[in-house]
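Right, one structure below, let's go through it.
All of the numbers you see were taken from the coordinates with simple rules; none came from a lab. Predicted model, so just to flag it, every value in this text is computed and none were measured. Glycine gets a Cβ as well: all are built from the backbone with ideal geometry, and neighbour counts include every protein chain shown.
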Amino acid sequence: MAEIIGALDKAIGKAQKKVFAGTVSVANGDTVETGLKSVDVAIVTSSNAAHIAAVTGISNGTITIGLMDNGGTPVTSAETVYILAIGDPQ
């Protein structure tokens, strides 16, 4: 389960940045709602070493995840992906 886990020690800009981290169960093209107002940076990696996870889009606090096997075929069944995002709180 992923959730907002805390704030960065020092504020960057005018707003205190928050950290969203954990695991999510997604397939290719699924979205993850972070609970953040906006996302500055996001990192994802698959729990399956034979699959490649990537951030394919960010819209406000929602992250779209691309998930492919090593041959480039989209993974259509949900699997565990680790996620880390930093952004502005609501």
Practice problem: For region 37-59, name all the residues that are surrounded by 14 or more Cβ atoms within 10 Å (Cβ to Cβ) and not in a strand (DSSP E or B). | Solution: Asn48
Exercise. Filter region 17-36 for residues that are part of a strand (DSSP E or B), of a type in the set (D, E, K, R) and surrounded by 14 or more Cβ atoms within 10 Å (Cβ to Cβ) and give the result.
Key: Lys18
Practice problem: Go through region 74-90 and give me each residue that's among the aliphatic types (A, V, I, L, M) and over 15 Å from the mean Cα position of the chain (by Cα). | Solution: Val75
Exercise. Output the residue which, of all residues in region 60-87 that are among the polar types (S, T, N, Q) and part of a loop (DSSP other than H, G, I, E, B), is nearest to Val39 (Cα to Cα).
Key: Asn60
